[in-house]
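Student: Have a look at this one before I ask anything.
The values are calculated or read from the model by the stated rules, or taken from the named source; none is laboratory data. It should be emphasised that the depicted structure is a prediction, and the values quoted were computed from it without experimental measurement. Positions of Cβ are backbone-derived with ideal geometry, glycine not excepted, and every protein chain shown enters the neighbour counts.
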Amino acid sequence: MADEITHKPSGKVATNPTKNSIADIKHPSPTFILYGRIAAGVIGYVGGLNTPDLHFTLFIDDGQGGSIGIDGQPTLDVYADSRPFQNVKFIRSNFYRNTTISGVVIKIPLQPPAGMSNHIFAQKLMEKAYSFASYTLPYSAPENIGGTIMREGEYNSNSYMAGLLNSVMGSVPKISHPNYLTPGWETPIPSSYFKGESGENSQP
């Protein structure tokens, strides 16, 4: 017996003649890259001309022509209801949609933790970044300004990025490069800050 030909209501032959079946739709998978730039321009060289400090921005490419960058650093909030210049002293989540950044000196691909899909990884990173308790932690310089580590209990933009990744991945990816310093990476902001919490009860 010849196979039955299935027609659409329009009268055209269906591209998938198998009854009661739905073809799998595959969506592009997001990718994740840490972009490293010299921190605050020339200020990033206070650690030494040969080993400048890096500032990281995480870029998530949705695979469909769109992207979003995430980082944490002080930003003048001109829309603040009061004391906008005070906010420039505190760490906040920053988002950059479909933006190309310049001055990138290093790119580090990231993968989601075992058992987590790229789509869920992207979703959780966005959720944690949006939930971050902005304007609660002062932005601090490394120990001795040009040092390689932060003082205990102090944080910077690298602390934010390390904390964001840790809050989703359960650990902080190891980063080491002979030509650059990454002060703050060793002191991730506690995960509780990425739940919208802050203060004395915050725990790693």
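Student: Of the conditions (1) farther than 30 Å from ASN179 by Cβ; (2) loosely packed, with under 14 Cβ neighbours inside 10 Å, HIS119 satisfies every one except a single condition; which number is it?
Tutor: (2)
Student: Among the numbered criteria (1) small (Gly, Ala, Ser); (2) in a loop (DSSP other than H, G, I, E, B); (3) at pLDDT 85 or above, which one does ALA122 miss?
Tutor: Going through (1) small (Gly, Ala, Ser); (2) in a loop (DSSP other than H, G, I, E, B); (3) at pLDDT 85 or above one by one, ALA122 breaks only (2).
Student: Also: When the residues of the stretch 137-168 are filtered to those that are within 30 Å of THR31 (Cα to Cα) and of a type in the set (Val, Ile, Thr), which remaining residue is modelled with the lowest pLDDT?
Tutor: So the residue we want is THR148.
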